[in-house]
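A short write-up of the structure that comes next.
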Amino acid sequence: MILYHYPPLLAGTLIRRYKRFFAEVELTSGEVVTAHCPNTGKMLCISTPGSRVYLSKSSDPARRLAYTWEMIEVEGGTWVGVNTAVPNRIVYAGLLQQVFTELSGFDLVRREVGYGCENSRVDFLLSASVSAQNLYLEVKSTTLAEGNLARFPDTVTTRGQKHLRELTRLCASGGRAAILYFINRSDCTRFCPGDAADPLYGQLLREGIAQGLLVLPCRFEITPQTICYLGTAQLDLPSSKEAGASPVS
């Protein structure tokens with residue numbers, strides 16, 4: 001199902017990503033531009049110089065950088081979404097259309113709602129007029145892959161750890177909570193926490209599941225024109241000891 005249509009994008013070749021928030025790109029016209037990189041992660045294996053990329057261009061004259069890096073092509077011809085602001089827009093559209101079966105039945109969707117005891121804000125709060133119980137939903141963009149296995153995170157994330165603690169406390173007190181991993185590439189059919197990158201995150205995720213936290217690894221196909229929802233991936237959850245250290249390919 002198509003959930004998002006990109007505006008017209010500009011094709012180019014990645015020269016380099018630098019200082020986390022900048023990408024130097026040669027457009028097909030030959031012009032070299034600096035684009036905003038809206039991704040604070042390590043971007044392991046998805047920032048290789050020489051790769052094909054697509055950029056969007058803003059018409060806002062007040063913007064320091066007119067271009068935004070949207071996606072990159074990786075080995076096998078798969079497009080991977082780079083812009084971490086996009087997944088929440090897609091999930092919001094999907095929630096309104098009730099395309100996520102596990103999250104259907106709610107008729108009110110609120111964004112960026114404060115909650116918890118660590119001064120947190122949840123991405124979405126879902127409510128139903130026929131039920132007094134809400135569902136708290138956190139979204140995480142996932143780009144790291146080992147073969148057909150998607151992993152999150154690709155580095156230590158104290159913010160992600162905090163979110164898991166908050167959601168787990170909600171579940172333990174009788175509330176409902178879910179975390180949706182937005183698999184920002186179509187070549188992954190399985191999902192597992194990135195235990196090698198952040199062992200504590202993996203441990204906290206398992207503790208959350210034990211308390212009733214719903215985990216939804218959702219697959220998406222990224223193209224230079226659209227983003228399509230492909231359904232859920234298989235959740236692979238070996239014990240922390242079995243997970244060990246996994247190499248990144």
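General observations
- Qualifying residue in region 152-170 (condition: part of a strand (DSSP E or B), open to solvent by less than 50 Å² (accessible area, probe 1.4 Å) and of a type outside the set (Gly, Ala, Ser)): yes
- Criterion applied to Arg20, Arg52, Arg63 was being of a type outside the set (Val, Ile, Thr) and over 18 Å from Ala85 (Cα atoms), and the one residue passing it is Arg52.
- Condition met for Tyr181 (of a type in the set (Ser, Thr, Tyr), open to solvent by 30 Å² or more (accessible area, probe 1.4 Å), in contact (Cβ under 8 Å) with a residue 24 or more places away in the chain and within 27 Å of Phe106 (Cα to Cα)): no
- Meets criteria (in contact with an Asp or Glu (Cβ under 9 Å, 6 or more places away or on another chain), part of a strand (DSSP E or B), under 23 Å from Leu216 (Cα atoms) and free of Cβ contacts under 8 Å to residues at least 24 places away in the same chain) for Arg110: no
- Tallying residues that are surrounded by 13 or more Cβ atoms within 10 Å (Cβ to Cβ) and not in a strand (DSSP E or B) within region 226-240 yields 5.
- Test: residue in region 50-63 that is assigned to a helix (DSSP H, G or I) and at pLDDT 95 or above: no
- Test: residue in region 88-102 that is outside any strand (DSSP E or B), in contact with a Leu (Cβ under 9 Å, 6 or more places away or on another chain), under 16 Å from Leu180 (Cα atoms) and without any contact (Cβ under 8 Å) to a residue 60 or more places away in the chain: yes
- Residue within region 48-66 that is closer than 30 Å to Thr101 by Cβ and not aromatic (Phe, Trp, Tyr) present: no
So that you can scan it fast, the table gives a plain yes or no per residue for (1) open to solvent by less than 30 Å² (accessible area, probe 1.4 Å); (2) under 30 Å from Ile15 (Cα atoms):
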site: Ala62; (1), (2): no, yes
site: Gly77; (1), (2): no, yes
site: Val82; (1), (2): yes, yes
site: Val91; (1), (2): yes, no
site: Thr101; (1), (2): no, no
site: Val130; (1), (2): no, no
site: Glu138; (1), (2): yes, no
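The values are calculated or read from the model by the stated rules, or taken from the named source; none is laboratory data. From a predicted model like this one, the values you see are computed outputs, not experimental measurements. Cβ coordinates were reconstructed from backbone atoms using ideal geometry, including for glycine residues, and neighbour counts include every protein chain displayed. Note: areas computed on protein heavy atoms with side chains; ligands, DNA, RNA excluded. Shrake-Rupley method; radii C 1.70, N 1.55, O 1.52, S 1.80 Å.
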